[in-house]
Amino acid sequence: MMPIRDVVIFPYMMTPFIVGRESSVRALEEALASDRKIFLATQHDASIDEPKPHEIYQVGTIANIVQNLKLPDGNIKVLVEGVERGKILKLTNAEGYFEAEVRTVKYPADPSKALESAMQRVHNLFDQYVKLCQSLNLEPVIITGMSDPAKLSDTIAQNLQLSIEEKQELLEIFDPAERLNRIADVLDIEIEKLNMDRTIQTRVKRQMERAQKEYYLNEKIKAIQKELGRGEKSEFDELKKKIDTAGMPKDVHEKAIQELKKLEAMPPMSAESTVSRNYLDWLLAVPWKKKSKEIRNIEHAEKILNQDHYGLEKIKDRILEFLAVRQLVKNPKGSILCFVGPPGVGKTSLGMSIAKATGRKFVRMSLGGVRDEAEIRGHRRTYIGALPGQIIQMMKKAGTKNPVFMLDEVDKMASDFRGDPSAALLEVLDPEQNWMFQDHYLDVEYDLSQVFFVATANVLHSIPAALQDRMEVLRLHGYTELEKVEIAKQFLVRKQREATGLTEKQLQFTDDALREIIKSYTREAGVRNLEREIGNISRKVARKVVKDSTYSAILNAEKVNEFLGVTKFRDTLANEKSEVGLVTGLAWTEVGGSILSTEVAIVDGKGKLTITGQLGDVMQESAHAAMSYVRSRAVRLGIPKDFYRNVDIHIHVPEGAIPKDGPSAGITMATAISSALSKIPVRRDIAMTGEITLRGKVLPIGGLKEKLLAALRAGIKEAIIPKENEKDLAEVPENIRGQMKVHFVENMDQVLKIALETPLPDFTEEGAQTIPAPAVQPEISRERYL
C-alpha cells in the first residue's frame with residue numbers, strides 16, 4: 001500500500017505520478033517484484049511526508065503498475081491503472097512500507113429502467129459540462145458507448161474539476177447507481193457555476209473589448225496629432241500642467257492631483273469620469289492667484305466718480321477713504337458696503353463706478369427672489385447636474401480674485417424649506433471668515449477676503465440684523481429738483497440722444513423743460529421715470545427727423561406738454577382751500593418720500609372708532625393713541641368731556657388700495673381728529689410728521705430728507721417736524737432748507753397752535769397739559785414695608 005497526495009485514483013483511470021518518499025519507493029519495488037498490484041489511498045494532509053495510518057483515507061483503489069522509470073535524482077516515475085475500489089481492513093508497517101488488507105465489493109449490473117434513466121441523465125449533463133468547461137480535454141465521444149454504470153460513473157468522476165474531498169466522497173460510494181445519482185447532482189451544480197462564470201466572462205470581455213477599442217482609437221488619435229505636429233502631450237499632462245500653474249493653495253493642489261489620478265484610472269466614457277472632469281474644470285476655472293492691478297490714485301478715482309454721478313458726496317468720500325487706506329496698508333481686508341435708498345438713485349451704477357475707479361473687474365449677482373441656500377453655496381457633487389453656487393460662478397466670470405462684487409437687492413431674499421440664503425451670506429460678508437469660504441461643490445476653502453463687496457437694498461428692515469451688522473450701511477437719499485435737472489443735463493439727455501440716434505443739434509432741452517418733466521410727469525425719489533420720459537420725447541423727435549431730415553427741436557415747458565400730453569401730477573395742493581378734519585402728512589416708502597392725506601369724519605353714534613385705508617398694526621395703534629390724547633385734551637379743544645359717547649369717529653387714509661404702516665402719522669391723525677371735533681380748519685399749506693404719545697409728546701421719526709423733498713415736490717413749503725429731528729436737518733441740501741420753513745415741536749399743543757387756522761380758546765403759549773398732582777401718601781418705614 002502506498003499513500004498518495006493531491007490526487008484521487010479512480011478505477012479505469014490511467015494516472016502518472018512521481019514517487020519520491022523512501023517508504024513509497026520500497027512499497028513500489030515490492031509490488032514490482034511480485035504481482036505489480038498496489039493499493040493507492042489519498043492522505044488527509046498533503047503537507048505531511050510520513051503519514052500515520054489514521055491520517056490516510058480508508059477507501060482507495062487497487063491499481064496495476066503499467067510502467068515505471070527511475071529518474072537520475074533517485075525518484076521513480078510510474079504509470080498506474082485503477083482496477084477496483086477497496087476499503088482498508090488492516091494496515092501494517094512492514095520493513096519500512098505499508099501493507100494493507102483490503103475488502104472489495106462486487107455490484108452486479110442490474111439493467112433496470114431507473115439505472116438506464118440515471119445513465120442517460122448523466123450522459124446529457126456531462127455533455128453540457130464538457131461544452132461549458134473549456135479546460136476539460138475529454139471529448140463526449142469517449143463515454144458515448146459505455147454501458148457499464150460503474151465504469152461510466154468512475155470515468156466521469158475522475159474528469160470532473162472537483163476538490164480532493166469531493167472526489168474522495170465519490171470514491172467512497174461503492175454502489176454504481178447511487179454514485180450516478182450523486183454525480184448527476186454534482187454536475188447540476190457545476191453546470192450552474194459554469195453558466196454564471198460564462199455570463200460574467202462575456203460581460204467582462206465585452207467591456208474589455210470596448211475599453212481596448214477606445215484605447216486603440218485614443219492611441220491612434222495621438223499618433224495622428226503627433227504626425228500633424230499638434231503636440232505629443234496627453235490630455236492628462238495638460239491638466240497636470242494647468243493644476244501646477246494655477247497657484248492653488250497646498251491642500252487644494254493635493255485634492256486636484258488626487259482627483260486627476262482618479263480620472264486617469266476611469267474609463268473615458270463612464271459617467272463618473274464626466275463628473276470628475278467637470279470638477280477639475282471648475283477648480284481650474286476659479287481664479288486662485290490672478291489679481292487686477294489696482295488703481296490707487298485718489299485724484300483719478302475722484303474724477304471718475306464725479307463724471308459718472310452727480311451729488312452723493314458722502315458715498316464718494318467713503319470710496320476715496322477706502323482708496324487712501326489701500327495706499328497706506330499693504331494687505332487690508334476687503335470692504336463690505338451696503339447702499340440703501342429708493343429705486344433709481346444710482347445704487348447699481350455706483351458699484352460699476354467703484355470698479356472703474358479702482359481698476360477692478362465688476363460682477364453683479366441679483367438676490368431678488370432667491371430662496372435656496374444652494375444658490376449661494378452650490379450643490380454637493382453627489383447630485384446629478386450639480387454646480388457651484390453663484391458666488392463661485394461669479395468669481396469665475398470675473399477671472400480675478402479681487403473684483404468689485406455687487407449683491408443686488410439683498411433685501412428681497414426669502415427663505416423656505418430649502419434653507420435661508422441670508423444665513424449663507426453671513427460667512428460671505430464677514431471679513432473674519434470669508435478668507436476660508438467653502439462652496440459645497442468645490443469642497444475646498446476659497447479666499448474671498450480681497451473681494452470688494454457692495455450690497456444694495458431699498459429698505460433695511462427686511463434684512464436680518466446679523467447680516468446688517470456685517471455691512472457698513474450708506475444711505476442714498478432721493479434727489480432734489482435741482483439735482484435732477486443737473487443729472488438730466490449731464491447724463492440722461494446725452495444717453496437718450498445716443499440711444500435714439502439723434503445729435504445735439506436735432507434735440508435740446510432747456511432747464512424749464514426739464515423742470516416741467518420733473519414736476520408734472522414724474523414724482524419719484526430717483527431719476528428712472530425722468531429718463532423714461534426723456535426717452536419718450538427723444539423717440540417722438542426721432543420719428544419727426546426721419547420724416548424731415550432738417551427738423552430740430554429746442555424744448556421748453558410748453559413743448560414738453562405737446563410731446564408728453566396731459567400732465568400726470570398737479571402741483572396745486574398748497575393753493576386749495578383749508579378744510580375741517582383734513583391734514584397733509586408725510587410718509588417714507590421704499591420708493592422715497594410721499595405725502596399722505598388723513599381725513600376724519602364725525603357722525604352720530606356711540607363712540608365707535610373706525611379706521612380704514614389698509615393701515616398696518618403700528619399705524620392703527622397710533623390712531624388709538626391720538627384718540628386717547630384728544631379725549632384727555634377735550635376741555636382745551638372746547639368740546640364736551642363726554643363727546644365720544646354720542647358720536648362715531650371715522651379715520652381714513654387714502655389711497656385705500658395701498659398698504660401703509662408706521663408710527664410717524666401720529667400727530668397727523670391727532671390734528672385731524674382735533675380739527676374735526678373743534679370744527680376749526682387745518683392749514684392746507686402745511687405738512688407734518690411725528691409720532692405721538694398719550695401725554696402729547698412728539699417723538700422723532702426717520703427719513704426726514706425724503707419727506708421734506710416729497711413736501712416740496714407737492715408744492716408745500718412749510719412743515720412741522722419733531723424737535724429731536726433738528727440734528728437731521730444737516731443732511732438736507734442747503735437749497736431745500738432755504739425754500740422750506742420748518743417748525744420744530746416737542747408736544748401736540750405746539751402742533752395745534754401752528755396747524756389750525758384759528759387759535760384754540762384759552763390756549764397758552766407753552767401749551768403744557770395740566771396734570772393733577774398726586775395725593776400725598778404717608779411715609780412708610782422700611783421695616784413696615786418689608
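Each peptide in 14-20, 198-204, 663-669 receives the mean, over its residues, of other Cβ atoms within 10 Å, and ordering these scores from highest gives 663-669, 14-20, 198-204.
Let a ≥ b ≥ c be the square roots of the eigenvalues of the Cα gyration tensor of segment 562-713; is it rounded (a/c under 1.5), or, if not, prolate (a/b larger than b/c) or oblate?
Working: a/c = 1.91, a/b = 1.61, b/c = 1.19.
Because a/c hits 1.5 or more and a/b exceeds b/c, segment 562-713 counts as prolate.
With axes computed from alpha carbons, what is the tilt in degrees of helix 617-632 against the longest principal axis of the chain, rounded to the nearest 10 within 0 to 90? The angle comes out near 30 degrees.
Peptide packing: for 284-294, 578-588, the average count of neighbouring Cβ atoms within 10 Å per residue gives the ranking 578-588, 284-294, highest mean first. What's the angle, to the nearest 10 degrees (0 to 90), between helix 313-328's Cα axis and the longest principal axis of the chain? For 313-328 against the chain, the angle is about 50 degrees. Expressed as a whole number of Å, what is the distance separating the alpha-carbon centroids of segment 260-317 and segment 70-90? Spelled out, the Cα-based centre of one part sits 84 Å from the other.
Our note on the geometry: Cα centres of segment 323-402 and segment 691-740, 36 Å apart.
Let me know the shape class of segment 457-582, please: from the alpha-carbon gyration tensor, a ≥ b ≥ c as square roots of the eigenvalues, rounded when a/c is under 1.5, otherwise prolate if a/b is greater than b/c, or oblate. Here segment 457-582 falls in the oblate category. Separation of segment 496-513 and segment 459-486, taken as the distance between their Cα centroids, equals 31 angstrom.
What order do 430, 420 take when sorted by accessible area (1.4 Å probe), most exposed first? Don't skip to the end; give the middle numbers.
Numbers: 430 20, 420 60 Å².
The ordering from most to least exposed comes out as 420, 430.
Using the alpha carbons of the chain, what is the convex hull volume per residue in cubic angstrom, as a whole number? Numbers along the way, then the final one.
Numbers: hull volume 372.3 nm³, N = 786.
About 474 Å³ per residue, rounded to a whole number.
Counting only aspartates and glutamates at least 8 places from residue 606 when in the same chain, those with an alpha carbon closer than 20 Å to its own are 642, 648. Dipole of segment 304-421 computed with +1 at Lys/Arg Cβ and -1 at Asp/Glu Cβ about the Cα centre; of 390, 311, 341, farthest Cα towards the positive end is 390. Could you check how much of the accessible area of segment 1-127 is carbon and sulfur, as a whole percent, using a 1.4 Å probe? Solvent-exposed carbon and sulfur of segment 1-127 make up 50 percent of the total. For segment 625-731, the per residue solvent-accessible surface stands at 38 Å², with DNA, RNA and ligands left out and a 1.4 Å probe.
About its Cα centre, how strong a charge dipole does segment 304-348 have in debye, to the nearest 20, once Lys and Arg get +1 and Asp and Glu get -1 at the Cβ?
Values: 7 positive and 4 negative charges, 46 e Å.
Computed about the Cα centre, the dipole is about 220 debye.
Among the listed pairs 489/547; 242/262; 484/705, which are separated by more than 22 Å between their Cα atoms?
Values: 489/547 27 Å; 242/262 17 Å; 484/705 15 Å.
Where the Cα-Cα span goes over 22 Å, the pairs concerned are 489/547.
Using the Cβ of residue 66 as centre and a radius below 15 Å, the other residues enclosed give a net charge of +1, where K and R count +1 and D and E count -1. Per residue of the chain, the DSSP helices (runs of n ≥ 4 H) give a summed -39500 (n - 2.57) that works out to -13000 deg cm²/dmol at 222 nm.
Rounded, prolate or oblate: pick one for segment 1-44, where a ≥ b ≥ c are the square roots of the eigenvalues of its C-alpha gyration tensor, a/c under 1.5 means rounded, and failing that, prolate if a/b is larger than b/c, else oblate.
Numbers: a/c = 1.89, a/b = 1.22, b/c = 1.55.
It comes out oblate by the Cα gyration axes.
Note on segment 714-757: semi-axes of the ellipsoid equivalent to its C-alpha gyration tensor, largest first and rounded to whole Å, are 20, 14, 6. Note on the chain: with charges restricted to the Cβ of Lys and Arg (+1) and Asp and Glu (-1), its dipole about the Cα centre is near 3420 debye. In summary, the aspartates and glutamates within cross-link reach of residue 291, defined as a Cα separation below 16 angstrom excluding same-chain residues under 8 places away, comprise 447.
Kindly sort 447, 6 by accessible area of their heavy atoms, largest first, with the probe set to 1.4 Å. List each step's numbers first, then the result.
On the way: 447 45, 6 115 Å².
Highest to lowest solvent-accessible surface, that is 6, 447.
For the residue pairs 113/167; 52/87; 303/495; 131/213, the alpha carbons lie more than 23 Å apart in 113/167; 131/213.
Of the GluC sites (Glu not before Pro) found in segment 484-551, those in coil by DSSP whose Cβ has at most 13 other Cβ atoms within 10 Å are 504. Tell me the angle of helix 235-245 to the major Cα principal axis of the chain, expressed in degrees between 0 and 90 and rounded to the nearest ten. Around 50 degrees separate the two axes.
Counting only Cβ charges, +1 for Lys and Arg and -1 for Asp and Glu, the dipole size of segment 260-413 around its Cα centre is about 620 debye. Comparing 33, 709, 278 along the charge dipole axis of the chain, the residue lying farthest to the positive side is 709, per the Cβ-charge model.
The values are calculated or read from the model by the stated rules, or taken from the named source; none is laboratory data. Since we're looking at a predicted model, the values are computed, not measured. All Cβ positions, glycine included, derive from the backbone under ideal geometry; neighbour counts span all protein chains shown. Ligands, DNA and RNA are stripped out before the accessible areas are found, and what is left, the full protein with its side chains, is counted by its heavy atoms. Shrake-Rupley method; radii C 1.70, N 1.55, O 1.52, S 1.80 Å.
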